[in-house]
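Enquirer: Please read through the structure below; I'll follow up with questions.
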Amino acid sequence: MEIFRDYDLSLHNTFRMKVRCACFVEYDSPDELLSPELETLPKPFKHIGGGANLLFTGDFPGTILHSRINHIKYVDMGLDEVPVIVGAGVVWDEFVEQTCRHGLWGAENLSLIPGEAGAAAVQNIGAYGVEIKDIISGVSCFDNVERKRCKFTAAECGYGYRDSMFKQSGGRYTVLSVLIRLSRKPRPRLEYKGLEGIDASGPMAVRNAVVALRQSKLPDPAETGSVGSYFKNPVVTADVLARVSDAAGGANVPHYILPGGFVKIPAAWLIDSCGLKGSSEGGAAVYERQAVIIINRSGDATPSDILRLEKRVTDTVFSRYGIALEREVEYV
Ligand code: EPU
């Protein structure tokens, strides 16, 4: 375990906010979470992964904890369904790349998503028709209330769209590792627009197509700070969809049909059709190529620039369509 005081967090959040925390702890094993030394550190405590879905709204007065539990264990490579245990601190895309190299199916559509495996299981990351919940068998955690380890089956994780029981528990559980189930048998998932007709001869071929698609739409995290999608895609009823179309002058509104008479409308379309692409507040801007993404365009954007831009976007979309956009990003 390593403890750093008055620590710069700019390399621990993909928005590249220049904020600090009173204390930063990197731990290497679950047992270290029981260390009496931790009790002496400034509160509150907050666990982070790669900081790929967080907005630090200012300096953090407490202690940030980060897992360095980064093993990948293939439980039995001989099976058709290969169980793999992935430490919470594993960089998600390094895991995906490795499993594709082994010819294992299941994670390839989730290529190039920034962040680490533990946070991926909390956030239920998703892309191109697949969510991580589809390949999770179980999650091993530390219960910060009972101060002991515990395990959950996928069903117990209460997964929804970018949501889980972990997210709802207010930080009670810290993910230690995730049990993923991959397949030796070909299982390409190519329904999503942009993936139809691609080379699906192996998981690596699909991964390459997903990487190319993401690179064409999303900012390069090495160059431009962002958290990917800033907003969730709103789920509404069919009459709201009709109202949106009317408000947009009878436009054909893109949407995905969900069970129970609901539809999901891309937040990107709502924002784009309000003419907000490229609009900015200070150093923050709505990304030109994908309107659901807010970027740190100048590299020097402050949390307040991002918050002002968020407000402008939500206010504009609400006054035009009567839909209150919900953040996907988590404030810290
Ligand atoms: N669109 C616009 N303007 C834009 C961009 C998109 O009108 O600037 C419309 C288009 O009609 C397009 C539709 O919105 O067909 C959907 O866009 P896209 O396929 O890019 O997907 P999305 O719904 O905006 C979601 C996830 C992404 C994920 C992609 C691919 C959410 C909020 N976002 O975006 O997730 O990569 O699908 O599966 O669910 C993330 O969570 O950080 C993330 C990037």
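Any read-out appearing in this document is the output of simple, stated calculations on the displayed coordinates, not a laboratory observation. Owing to the predicted nature of the structure, the values given are computational and were not obtained by experimental measurement. Here the Cβ is made from the backbone with ideal geometry for all residues, glycine too, and neighbour counts use every protein chain on show.
Enquirer: Using bins 5 angstrom wide from zero, how does P(r) for the range 194-255 break down, in % of all Cα pairs?
Expert: For the range 194-255, the binned pair fractions read 3, 14, 15, 12, 13, 17, 15, 9, 3 percent.
Enquirer: Determine the dipole magnitude for the range 1-46: charges of +1 sit on the beta-carbon of Lys and Arg, -1 on that of Asp and Glu, nothing else is charged, the reference point is the Cα centre, and the result goes in debye to the nearest 20. The partial results should precede the final answer.
Expert: Values: 6 positive and 9 negative charges, 100 e Å.
In total the dipole reaches around 480 debye.
Enquirer: Further question on the same structure: About the Cα centre of the chain, how large is the charge dipole given +1 on each Lys and Arg Cβ and -1 on each Asp and Glu Cβ? Please answer in debye to the nearest 20.
Expert: Values: 37 positive and 41 negative charges, 107 e Å.
Computed charge dipole of the chain: roughly 520 debye.
Enquirer: Mean residue ellipticity at 222 nm from the helices of the chain, using -39,500 (n - 2.57) per DSSP H segment of n ≥ 4 over the full residue count, to the nearest 500 deg cm²/dmol?
Expert: Working: 8 runs with 76 residues, N = 332.
So the helix-based figure for the chain works out to -6500 deg cm²/dmol.
Enquirer: Return the distance in nm (one decimal) between the two label points of a simple spin-label model at Asp199 and Asp31, each offset 7 Å from Cα along Cα→Cβ.
Expert: Label-label distance for Asp199 and Asp31, simple model: 4.8 nm.
Enquirer: Can you give me the relative contact order of the range 254-332 as a percent, contacts being Cα pairs under 8 Å and 6 or more apart? Don't jump to the answer; show the numbers that get you there.
Expert: Details: 94 pairs, mean separation 16.4, N = 79.
With pairs under 8 Å counted, the relative contact order is 21 percent.
Enquirer: Would you list the P(r) distribution for the range 2-67, with all Cα-Cα distances sorted into 5 Å bins from 0 and each bin expressed as a whole %?
Expert: Going from the shortest bin to the longest, the percentages are 4, 18, 31, 25, 14, 7, 1.
Enquirer: Turning to a different aspect of this structure: For Met165 and Val235, compute 0.36 nm times the residue count separating them, minus their Cα-Cα distance, and round to one decimal in nm. Can you show the working numbers first?
Expert: Details: separation 70, 0.36 × 70 = 25.20 nm, distance 1.95 nm.
Once the chain is fully extended between Met165 and Val235, it gains 23.3 nm.
Enquirer: Also, I was wondering about something else. Suppose R0 equals 35 Å; then what is the FRET efficiency for Glu39 and Asp220 from their Cβ-Cβ distance, rounded to the nearest 0.05? Working shown, then result.
Expert: Values: r = 41 Å, r/R0 = 1.17.
Efficiency, rounded to the nearest 0.05: 0.30.
Enquirer: What are the ³J(HN,Hα) values, in whole Hz, obtained from phi via the Karplus relation 6.51 cos²θ - 1.76 cosθ + 1.60 with θ = phi - 60°, for each residue of the range 219-235 in sequence order, with x given for Gly and Pro?
Expert: These are the phi-based 3J(HN,Hα) values: x, 6, x, 6, 9, 10, x, 6, 10, x, 4, 7, 10, 7, 7, x, 9 Hz.
Enquirer: Next question, about the same structure. Using the Karplus equation 6.51 cos²θ - 1.76 cosθ + 1.60 (θ = phi - 60°), what ³J(HN,Hα) coupling, rounded to whole Hz, does each residue of the range 174-187 give in order, writing x for Gly and Pro?
Expert: Karplus-based 3J(HN,Hα) across the range 174-187 equals 10, 6, 9, 7, 10, 9, 10, 10, 10, 10, 7, 6, x, 9 Hz.
Enquirer: Points 7 angstrom from Cα along the Cβ direction at Ser319 and Val211: gap in nanometres?
Expert: 4.5 nm
Enquirer: Provide the convex hull volume over Cα atoms per residue for the range 72-217, in Å³. Intermediate results must be reported in sequence, preceding the final value.
Expert: On the way: hull volume 15.0 nm³, N = 146.
Enclosed volume per residue, from the Cα hull, is 103 Å³.
Enquirer: How large is ³J(HN,Hα) for each residue in the range 154-166, as worked out from phi by the Karplus curve 6.51 cos²θ - 1.76 cosθ + 1.60 (θ = phi - 60°), to whole Hz, x for Gly and Pro?
Expert: Once θ is set to phi - 60°, the couplings for the range 154-166 become 4, 4, 5, 6, x, 6, x, 4, 6, 8, 7, 4, 5 Hz.
Enquirer: Expressed in nm to one decimal, what extension gain is obtained for the pair Lys18 and Tyr192 from 0.36 nm per residue of sequence separation less their Cα-Cα distance?
Expert: Details: separation 174, 0.36 × 174 = 62.64 nm, distance 3.64 nm.
Extra length from Lys18 to Tyr192 when fully extended: 59.0 nm.
Enquirer: Additional query: When the chain is fully extended, how far beyond the present Cα-Cα distance does Asp59 get from Val75, taking 0.36 nm per residue of separation?
Expert: Working: separation 16, 0.36 × 16 = 5.76 nm, distance 4.14 nm.
Contour length minus Cα-Cα distance gives 1.6 nm.
Enquirer: Further question on the same structure: Which of the listed residues, Leu241, Ala284, Ile85, is farthest toward the dipole's positive end in the chain, when Lys, Arg count +1 and Asp, Glu count -1 at the beta-carbon?
Expert: Value computed over the given set: Leu241.
Enquirer: Cα convex hull of the chain: mean projected area in nm², to one decimal? Mind dumping the intermediate values first?
Expert: Working: hull surface 68.4 nm².
Answer in nm², one decimal: 17.1.
Enquirer: So for the range 72-217, if I pair up every lysine 8 or more residues apart or on another chain, how many of those pairs have alpha-carbons under 20 Å apart?
Expert: Eligible lysine pairs with Cα atoms under 20 Å apart amount to 9.
Enquirer: In the range 111-217, which trypsin sites (Lys or Arg not before Pro) are in a loop and have at most 13 other Cβ atoms within 10 Å, using DSSP for the loop call? Numbers along the way, then the final one.
Expert: Values: sites: Lys133, Arg147, Lys148, Arg149, Lys151, Arg162, Lys167, Arg172, Arg181, Arg184, Arg189, Lys193, Arg207, Arg214, Lys217; in loops: Arg147, Arg162, Arg172, Arg184, Arg189, Lys193.
Sites meeting the loop and neighbour criteria: Arg147, Lys193.
Enquirer: Expressed in whole Å with the largest first, what are the equivalent ellipsoid semi-axes of the range 225-331 derived from the C-alpha gyration tensor as the square root of 5 times each eigenvalue? Please list the in-between numbers first.
Expert: Numbers: eigenvalues 133, 37, 24 Å².
Three semi-axes, in Å: 26, 14, 11.
Enquirer: Okay, next question. What is the distance in Å between the Cα centres of the range 68-140 and the range 163-228?
Expert: 9 Å
Enquirer: Kirkwood Rh, Cα Rg: Rg to Rh for the range 157-228? Please report the intermediate quantities before stating the final value.
Expert: Details: Rg = 16.4 Å, Rh = 15.6 Å.
The Rg/Rh ratio comes out at 1.05.
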